[in-house]
Every structure is written in structure tokens, then in C-alpha cells.
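Working notes, beginning with the structure itself.
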Amino acid sequence: MTFLAPLVVLALPLVLGLVYWLYRRRRPPERTVAGLWLWQKARRQGRSRRRLDLRLLLLLLAASCMVLALARPQLRLERPGPLVIVLDASASMAATDLTPEYRPGRAATAASLSRLESAKQQLRERLASSPRALLIRAGERPQAFGPALGRTLLDALAGIRPGDPEADLQAAIALGHRLLPGAPVLVASDSPDPGAEGYLNLGGHGQNVGITAIGPGFVAFANSGPRLWEGQVVVNRRLYALKIPAGGYATLEVPSLTVQAQVSGNDALTLDNQASFTRRAVRVALSEPAPTLERLLALLGTVRAPANPEVRFEIGTPKETPRTFTVYFARQAQAEATVLDLERTLPYLRGVELVGFRLPVTPQAPQGWRPLLTGEAGEILGWYSPNGVYLPPLGALRDLPAFPVLLYNLIAPRGEIRQGLLRPQETLLPRPAPSRPLPPTFVLELSPWLALLAALLLATEYWCFQRGPRAKASPASTPLTSV
């Protein structure tokens, strides 16, 4: 039972004391009797046993019921019903920084438990009792099991393993609402509350050090612990001493374009302790001979693959959105214009300085392409789409210092091979947050019933002690005078 206004209960002793004080201070009516000494003798003989004051008891019970009714008590019951369970399977759920849940009959153990295994322990009983349930593994892409009888999904629950770089909880919740409409959704995760009907937080306080980024000549590390981490890391089979601040990052530069790194020691999460970086040749195709472009592509380590290229270079105006990423160079252009601005949100324009240079104005691109380079008078000097870029003629670009940088940005990222978790948000291990239980399936408001009981008690007190011949005062409380 819960109270929606629990502070009202604190007034209960005060109210009961006030009722008792008002009841005892009232002046009873006087009665005239023949022999006062006989009544006084009877009173002395009756003091050995105290009679129950039924009227006072009724008043105290009525006052208690009224105060409790104002506190708005609710009786909440859990009844098995349809249920959607979303279980986070991201890499941080593999962190072993939780203690096993104690249950009677089970041997106690001091071994740490992974966040995912702790979630399974807490969800197993709820899933088994559901008459119709849906289990969703929340990873990069949600995977659903069911809907089916809850106990038939226990094997699927036991088979879920963590390790995804992230968990798309919102997509998993939407999938649950679509496959089992009307059923409440319970999310078990160490990530922030996604706003479902119920939320079971699995955060812990474990210390973890892992690799968060790796590239040509550098490695980045993160420390999730509350203290400075001092230890050793192995990079390209060589030991390096490293210090990482609490909750912060540290980088290590090495003289090598290919990198293999490993964190020494044991911590809460092992999935981020190893990472590597290498390069491979990117497959390209050219629609026409272009000596300058061919030399630059050769310096970037590309290989010709006309049948299956990753990047295609063509001269001419694009006719539609290409399936393969294609770089178009205009064959002919109109008058020149000075570049005023460019779309800086695109990663392949990072470090490409074209502002202030005069370039030919490219012809109009097909529908769906957006401006890439803009001139001083609003001219559009280049275009881009999700799978391509449309540039001025090659002859106007090849002598610019920014052209090799642009080609590098277009080619190099496609040939980079990174292995490892490399997710800072997973390495830093989400911390505990308040959980939210599912709303009860049955809620009974007790306030009306308590108010009704208080009214019945007051009516009983009135009928027995204030109405008719039963309203006579007891001899023990009536002042007596003799005549």
C-alpha cells in the first residue's frame, strides 16, 4: 500500500491527541442523589478495574480513518499480463561490476556479475509469469523474440549476449509497440531512461580503462574510474607508461601508420582492451583518362577496379543519384565566380580551403542535389548529394593546393580498417540512475472506503451516546450532589 500524500500521516498523532483532550475536558451533567456517600463508596470499589470507554474508542477510530483518507492511500496489485521486455545488449552491459542478487536457498557468492546477467536474473521471473510476452534484444538493430507465452522465451533470454557498439532503445521500444500493441514496455539498460512505461537501471560503479580511438600514429584511451589511473599499455609490442585522469582521456602518439594496441591489467570491461588500425587499397574507376587525377590516386594507394569500384570519377553532368559514390567534374562551365562559402558539415571538405578562389560556375545539377560551393553573388559553383559530389572542371581544380586534400578526404577514410569497440560512451560505463517500476495492473483507491468507515463510526457514536435514552451519562463521569 502506498500514500499519495504521505506527509498527512504525520498529523495523525496530533489529531488523535486533540480528540482525546477535547473528549476528556468536557463537563458532564450534574445529577441530584439522596446519599452521596453510597456512590463514592461504589466508585472506590470500581477503581481496581478500568472500564473501556467505547465512545472515546469510536471517536479515535473515526479520526484515524479521516486522516488516512486525506493521505490518499492506494492498494496496488501486480497481475500477470501482456508484457514487452527490452534488454540492452550494448558493450557496457558486459561490465562485471554488480553483485549477484541474494535469494533464499541460493548460496552466497562474492564474485561480480555482469550487468546483463543481473538484468536476466531480475527479468526471468517476470517474463515466465506473463501469458503473452515479447522479448527484444536492443543492439544496433533491435531483434524480437515472440510474441509468445512468457516461459517459452526463457531460452531466448538466456541466449542474449552483449557486445554491440550501441543500443538503439527508441527503435526497440517502437518495435515492441508495433508487435504487441497495448502491452507495457519494460526497458532494462544502463543507459539513461528512454521514457518507456518501466525502466530497470543496471548501472554500476566499476572502474574501466579502454581504447576509445585509434588511427595512423595515435591511440586514445579513457578512464571511467573516480581516481587517476596509472598503468602500462602495449602498442605495437612495446610497453608505454600512461596516466589517465579520472573520468577523462589520454592520447599516445607512435611512429607507425599501422597500430595495434592493448590495455594491460584487469578492469570491469574487457571488450575495449584491444584495438588495431590498418589500411587497404581503395578501388576506383575513371570514365576518361586524366593524368593529373591518376597520379594523385596512385599516390593515395588506390587500385583500378572498373567492374566494382568504391569511388567512381566521371566527367560530365550527373543525370541521377548514383548508386556508387561518384565524383563528377563538369565538362564545360560558365563564367567564373569567387567562392564565398562552402558546406562545412561534410567530412570530405575538412581542411579544404577554397574560399576566395575563383572557379567556374558548374551547370545546374539534377533535382535532389544541394549546393556545395557558393559564390559572392549567390552562384552555385558545386553540388553534392548523399552519394556523390559535383565539382567545377578538373582543369580549374588540379593546380589548387586544396585539391589533393579533397581527394585524400574522399579516398583515405574508405581504406581505413579499425577493429575494436572504439566507443567512448561504452568505455566510460554509464553510472547508476533511479529505476521506475511498471505501473501496477490493479489500483484500488482506499480514500472513499476510509471516509465511509469514518462516517459509519461517527453515526454509531451518535446513535449510541447522543440520541434517545442511550445518551445517559455514566455514573463514573457524572458529578454527584446530595440532598
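The number of residues in region 52-92 that are within 30 Å of residue 150 (Cβ to Cβ) and either hydroxyl-bearing (Ser, Thr, Tyr) or part of a strand (DSSP E or B) (or both) comes to 12. Residues in region 141-162 that are touching a strand residue (DSSP E or B) at 6+ places or on another chain (Cβ under 8 Å), farther than 12 Å from residue 127 by Cα and either touching a residue at least 40 places away in the same chain (Cβ under 8 Å) or part of a loop (DSSP other than H, G, I, E, B) (or both): 142, 160, 162.
Are any residues in region 364-402 in a loop (DSSP other than H, G, I, E, B), of a type in the set (D, E, K, R) and touching a residue at least 24 places away in the same chain (Cβ under 8 Å), and if so, which ones?
Scanning region 364-402 gives 376, 379, 398.
Regarding residue 246, is this residue within 26 Å of residue 115 (Cβ to Cβ), outside any strand (DSSP E or B), among the small types (Gly, Ala, Ser) and assigned by TED's automatic domain parsing to the domain that holds residue 176? No.
Rundown of residues vs (1) free of Cβ contacts under 8 Å to residues at least 40 places away in the same chain; (2) outside the structural domain of residue 247 (by TED's automatic domain parsing); (3) over 16 Å from residue 62 (Cβ atoms), yes/no style:
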| position | (1), (2), (3) |
| --- | --- |
| 405 | no, yes, yes |
| 424 | no, yes, yes |
| 447 | no, yes, no |
| 456 | yes, yes, no |
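Going through region 349-383 one residue at a time, which ones are under 20 Å from residue 321 (Cβ atoms), surrounded by fewer than 20 Cβ atoms within 10 Å (Cβ to Cβ) and touching an Asp or Glu at 6+ places or on another chain (Cβ under 9 Å)? Of everything in region 349-383, those that are under 20 Å from residue 321 (Cβ atoms), surrounded by fewer than 20 Cβ atoms within 10 Å (Cβ to Cβ) and touching an Asp or Glu at 6+ places or on another chain (Cβ under 9 Å) turn out to be 366, 368, 370, 371.
The set of residues in region 221-238 that are surrounded by fewer than 19 Cβ atoms within 10 Å (Cβ to Cβ), touching a residue at least 24 places away in the same chain (Cβ under 8 Å) and assigned to a strand (DSSP E or B) comprises 231, 232, 234. Quick one: how many residues across region 322-348 are part of a strand (DSSP E or B), in contact with a Lys or Arg (Cβ under 9 Å, 6 or more places away or on another chain) and either surrounded by fewer than 19 Cβ atoms within 10 Å (Cβ to Cβ) or among the hydrophobic types (A, V, I, L, M, F, W, C) (or both)? The total comes to 6. Being outside the structural domain of residue 405 (by TED's automatic domain parsing), in a loop (DSSP other than H, G, I, E, B) and either under 43 Å from the mean Cα position of the chain (by Cα) or farther than 27 Å from residue 371 by Cβ (or both) is a description that does not apply to residue 354. Scanning region 296-321 for residues that are part of a strand (DSSP E or B), more than 17 Å from residue 391 (Cβ to Cβ) and aliphatic (A, V, I, L, M) returns a single hit, 303.
The criterion of being surrounded by 18 or more Cβ atoms within 10 Å (Cβ to Cβ) and of a type in the set (Lys, Arg) holds for residue 312.
Among the candidates 223, 201, the residue that is under 22 Å from the mean Cα position of the chain (by Cα), modelled with pLDDT of 95 or more, within 28 Å of residue 138 (Cα to Cα) and in the same structural domain as residue 177 (by TED's automatic domain parsing) is uniquely 201. Could you look through region 168-186, keep only residues that are free of Cβ contacts under 8 Å to residues at least 60 places away in the same chain and not in a helix (DSSP H, G or I), and pick out the one that is surrounded by the fewest Cβ atoms within 10 Å (Cβ to Cβ)? It comes out as 181.
Residues considered: 251, 292, 270. Of these, the only one that is touching a Leu at 6+ places or on another chain (Cβ under 9 Å) and either among the hydroxyl-bearing types (Ser, Thr, Tyr) or in a strand (DSSP E or B) (or both) is 292. Being in contact with a helix residue (DSSP H, G or I) (Cβ under 9 Å, 6 or more places away or on another chain) and within 30 Å of residue 442 (Cα to Cα) is the filter here, so list the residues in region 5-27 that pass it. Selection gives 5, 8, 9, 11, 12. Return the residues of region 409-466 that are part of a loop (DSSP other than H, G, I, E, B) and more than 30 Å from residue 276 (Cβ to Cβ); say none if nothing qualifies. Within region 409-466, 432, 433, 434, 435, 437, 438, 439, 440, 441, 446, 466 meet the criteria. Against the numbered list (1) out of contact with any helix residue (DSSP H, G or I) (no Cβ under 6 Å at 6 or more places or on another chain); (2) within 30 Å of residue 393 (Cα to Cα); (3) loosely packed, with under 14 Cβ neighbours inside 10 Å, residue 280 comes up short only at (1).
The values are calculated or read from the model by the stated rules, or taken from the named source; none is laboratory data. The shown structure was predicted, so the numbers you read here are calculated from the model rather than taken from an experiment. FYI the Cβ positions are ideal-geometry reconstructions off the backbone, even for glycines, and counts take in every protein chain you see.
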